[in-house]
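Step one of this worksheet: look at the structure below.
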Amino acid sequence: MTYRSSWMTEELDAFREQFRRFLAKDLAPHAERWRKEKMVERSAWQALGRMGALLPSVPEAYGGLGASFAYEAAVLEDVEWVVPELSPGVAVHSAIVAHYILNYGSEEQKKRWLPKMAAGEMIGAIAMTEPGTGSDLQSVRTTARRQGNAYVINGQKTFITNGQLADLVIVVARTGEAGAKGLSLLVVETKGNDGFRRGRNLDKIGLHASDTSELFFEDALVPPENLLGPEEGQGFAQLMQQLPQERLALAVSAVAAMERAVRLTVDYTKERKAFGKPIFEFQNTAFTLAERKTEAMIGRVFVDWCVERLVAGELDTVTASMAKWWCSQKQVETTDDCLQLHGGYGYMQEYPISRMFVDARIQKIYGGTNEIMKLLIARSL
C-alpha cells in the first residue's frame with residue numbers, strides 16, 4: 001500500500017515533480033562544495049526563489065505563492081531528500097523569519113522585505129540564542145534602547161543559522177523590564193549598519209553547508225519603524241505564537257530524513273553481501289529496518305495530522321512539542337541504526353548515511369531542546 005499525505009493535492013504533485021528535478025539537476029551537484037565552503041552560495045537562494053520554493057505560504061501580494069503551510073512542508077521534505085544541505089537555512093528563512101514579518105509586520109514592512117525574501121535577494125535569520133542564554137528566552141541580555149529617532153542595540157548572539165549571509169536579522173532584544181514582558185523583536189538590516197558585525201562561521205560537527213554564526217551588536221542603530229508589532233514588549237508573546245510552526249517544520253524534516261535513511265539502507269543491504277548472501281537477508285538487518293520503517297510511518301502520519309491542524313489554525317504548542325521531540329529523537333535513533341547496518345562504510349564521509357548521522361544530532365537541541373519539549377508537555381498533564 002502506497003501512503004499519500006492527506007494534505008497533498010494534484011497542484012502540489014505537479015509542483016513537487018518539477019521541484020525535485022530542479023533540485024537534483026541544478027543544486028545537488030554543488031552540495032559537496034558547499035559543505036567544504038561551509039556555506040550555500042547566494043545564486044542557489046535566487047534559483048530557489050525563481051522556482052517559487054521560498055515563502056510559498058506567503059500571500060502573492062508579498063511575493064509568495066499564496067499557498068498553505070502544506071507547500072512549506074512539501075519543500076522541506078523534498079529538500080531533505082535531495083539536497084539536505086539546504087534544509088536548515090531554507091526552514092529558518094521561509095518557515096520562520098518570513099512568518100514573523102507576515103504576522104506582526106506593518107504593511108510597509110511586509111512590502112519592503114517579503115518580496116525580496118521570496119526572490120532569494122534577501123536572506124533572513126532570527127537571533128534568539130546568546131552565549132549565556134539558550135532555551136530560557138526570558139533571560140535575554142541583548143538590549144535595544146530608544147535614543148532619539150532610533151533604537152540602539154548592544155549584545156551578542158550565537159548559533160545563528162544564515163548568520164554569515166543574512167541581509168536582515170530579527171533580533172530578540174530587551175527594550176524594558178526583566179522577564180518576558182520586557183522583550184521585543186527588531187529587524188536589523190545588515191547592509192551598511194556600522195554597529196553590526198558578524199563573527200565566526202562556527203565549526204560544527206554536522207550541517208557543514210549551513211552557515212552558523214556569532215553576531216555582535218555594538219551601538220547598532222535601527223529605525224523605530226523596524227520594530228515588529230504595534231508597541232514594545234510584545235516579543236515573548238510573538239515568539240510563543242510562532243514556535244508551533246517552527247517545531248513542526250523541524251518534525252517535517254526529521255520524518256523525511258528517517259524515510260530517506262531507511263530507503264538508502266534497504267538499497268545498500270540488498271546489494272552488500274556477507275557470508276555469501278545479501279546482508280538484508282540476515283534477520284537482524286531485516287528486523288531493524290522493519291522497526292525503523294514502522295516508526296517512520298508513525299511519524300509520517302502524526303506529522304501529516306499536525307500539518308492539517310496548522311493549516312486549520314488549530315495546532316497547539318503541546319502537540320507541536322510532541323512532534324518535535326519524538327520525531328527528532330527517532331531521527332537520531334534511525335540514522336544510528338542505519339549507519340550500523342552500513343558497517344565500516346557508514347563511517348566514511350562519501351556515504352550519505354554518515355552525514356545524515358551527524359546532521360541529525362542537532363535536531364534534539366535547536367528549536368527548543370527535547371528536554372524543554374517534555375517539560376511543556378508535562379505541564380499540560
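Of the listed requirements (1) within 30 Å of Trp305 (Cβ to Cβ); (2) among the acidic types (Asp, Glu); (3) buried (at least 24 other Cβ atoms within 10 Å of the Cβ), Glu246 misses just one: (3). Within the range 179-187, one or more residues are open to solvent by 10 Å² or more (accessible area, probe 1.4 Å), at negative phi and modelled with pLDDT under 95.
Just one residue in the set Ser139, Ser135 is open to solvent by 20 Å² or more (accessible area, probe 1.4 Å), hydroxyl-bearing (Ser, Thr, Tyr), in contact with a helix residue (DSSP H, G or I) (Cβ under 6 Å, 6 or more places away or on another chain) and over 14 Å from Asn226 (Cβ atoms); that residue is Ser135.
Being under 28 Å from Ala323 (Cα atoms) and surrounded by fewer than 21 Cβ atoms within 10 Å (Cβ to Cβ) is a property that Glu10 has.
The C-beta contact set for the range 128-145 (first residue farther than 15 Å from Gly233 by Cβ, second residue assigned to a helix (DSSP H, G or I) and polar (S, T, N, Q), distance under 9 angstrom, 6+ apart or interchain) comprises Glu130/Ser139; Gly132/Ser139; Thr133/Ser139.
Within the range 63-90, the residues that satisfy the criterion of being among the small types (Gly, Ala, Ser), surrounded by fewer than 24 Cβ atoms within 10 Å (Cβ to Cβ) and out of contact with any Lys or Arg (no Cβ under 9 Å at 6 or more places or on another chain) are Gly64, Gly66, Ala67, Ser68, Ala70. Ala127 fulfils the conditions (1) at pLDDT below 95; (2) crowded, with 19+ Cβ neighbours inside 10 Å except for a single criterion, (1). As a summary of the residue check, Gly120 satisfies the conditions (1) in a helix (DSSP H, G or I); (2) within 30 Å of Ala28 (Cα to Cα); (3) open to solvent by less than 20 Å² (accessible area, probe 1.4 Å) except for the one numbered (1).
Annotation note: of Cys327, Cys306, the sole residue that is within 15 Å of Ser5 (Cβ to Cβ) and in contact (Cβ under 8 Å) with a residue 60 or more places away in the chain is Cys327. Looking at the range 97-113, is at least one residue open to solvent by less than 20 Å² (accessible area, probe 1.4 Å) and under 19 Å from Lys364 (Cα atoms)? The answer is no, given that none of the residues of the range 97-113 is open to solvent by less than 20 Å² (accessible area, probe 1.4 Å) and under 19 Å from Lys364 (Cα atoms). In the range 1-19 there is no residue that is part of a loop (DSSP other than H, G, I, E, B), under 19 Å from the mean Cα position of the chain (by Cα) and polar (S, T, N, Q).
Which of the residues belonging to the range 13-32 are surrounded by fewer than 14 Cβ atoms within 10 Å (Cβ to Cβ) and farther than 16 Å from Ser87 by Cα? Across the range 13-32, the qualifying residues are Asp13, Ala14, Glu17, Gln18, Arg21, Lys25. Screening Glu350 on (1) modelled with pLDDT of 95 or more; (2) open to solvent by 40 Å² or more (accessible area, probe 1.4 Å) shows it passes everything except condition (1). Looking only at the range 49-59, decide whether some residue is closer than 30 Å to Phe357 by Cβ and in contact with a Ser or Thr (Cβ under 6 Å, 6 or more places away or on another chain). Yes, that holds for at least one residue. Pairs linking a residue in the range 178-200 that is of a type in the set (Phe, Trp, Tyr) to a residue that is open to solvent by less than 20 Å² (accessible area, probe 1.4 Å), with Cβ atoms under 9 Å and 6 or more positions apart or on different chains, are Phe196/Ile153; Phe196/Val169; Phe196/Val188; Phe196/Thr190; Phe196/Leu215; Phe196/Phe217; Phe196/Ala220.
Looking at Asp316, is it acidic (Asp, Glu) and open to solvent by less than 50 Å² (accessible area, probe 1.4 Å)? So Asp316 fails the test. Please determine, by comparing only the residues of the range 41-62 that are part of a helix (DSSP H, G or I) and open to solvent by less than 20 Å² (accessible area, probe 1.4 Å), which one is nearest to His99 (Cα to Cα). Checking each candidate, the answer is Gly49.
Residue count for the range 143-177 under the criterion of being among the small types (Gly, Ala, Ser), in contact with a helix residue (DSSP H, G or I) (Cβ under 8 Å, 6 or more places away or on another chain) and surrounded by fewer than 24 Cβ atoms within 10 Å (Cβ to Cβ): the result is 2. Please verify whether the range 110-119 includes one or more residues that are modelled with pLDDT of 95 or more, under 15 Å from Val169 (Cβ atoms) and small (Gly, Ala, Ser). No, the conditions are met nowhere in the range 110-119.
The values are calculated or read from the model by the stated rules, or taken from the named source; none is laboratory data. All figures in this text were calculated on a predicted structure; none of them were measured in a lab. Cβ atoms come from the backbone with ideal geometry, glycine included; neighbour counts cover every protein chain shown. With ligands, DNA and RNA removed, areas are computed over all heavy atoms of the protein, side chains included. Shrake-Rupley method; radii C 1.70, N 1.55, O 1.52, S 1.80 Å.
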